[in-house]
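To keep things clear, I will list the structure first and then write my remarks on it.
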Amino acid sequence: MKKKKMSFSKVLLLLESAIVLYTTYQGFALARLTVAAEFMGTLPWIATMVTAAWGAYGTSAACYYAKAKAENTCGGVTYETACRGIDCEE
């Protein structure tokens, strides 16, 4: 049985997920380090770095799911359209 190849967009989303999680982890580690070193300044640049990464990830995920929704059709008919009939409703 041949293994199905993972699509490029899915690989890209998984890699971006790893990068965002790593950035978040390092942001928390950097904040912990500054508190341990008794840094008396502000840390908005850490929050900005993490927020920007999650914002970009949210946009990518939304576009990926929109693409997946458009691709998961059979002859131009989506699952939701097919189940609008009397037979599908309970």
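The values are calculated or read from the model by the stated rules, or taken from the named source; none is laboratory data. Nothing here was measured: the structure is a model prediction, and the numbers come from that model. Quick reminder, even Gly has a Cβ in these numbers, built from the backbone with ideal geometry, and neighbours come from all protein chains shown.
Do the conditions hold for LYS3, that is, is it free of Cβ contacts under 8 Å to residues at least 24 places away in the same chain, among the charged types (D, E, K, R) and under 27 Å from LYS67 (Cβ atoms)? Yes, satisfied. Looking for something modelled with pLDDT of 95 or more and among the small types (Gly, Ala, Ser) - is there at least one such residue anywhere in the stretch 4-13? No, the stretch 4-13 contains no residue that is modelled with pLDDT of 95 or more and among the small types (Gly, Ala, Ser).
Restricting attention to the stretch 40-90, the residues being at pLDDT below 85, touching a helix residue (DSSP H, G or I) at 6+ places or on another chain (Cβ under 9 Å) and loosely packed, with under 10 Cβ neighbours inside 10 Å number 2. Can you say whether MET40 is under 27 Å from ALA68 (Cα atoms), free of Cβ contacts under 8 Å to residues at least 40 places away in the same chain and not in a helix (DSSP H, G or I), as far as the supplied structure shows? It is false that MET40 is under 27 Å from ALA68 (Cα atoms), free of Cβ contacts under 8 Å to residues at least 40 places away in the same chain and not in a helix (DSSP H, G or I).
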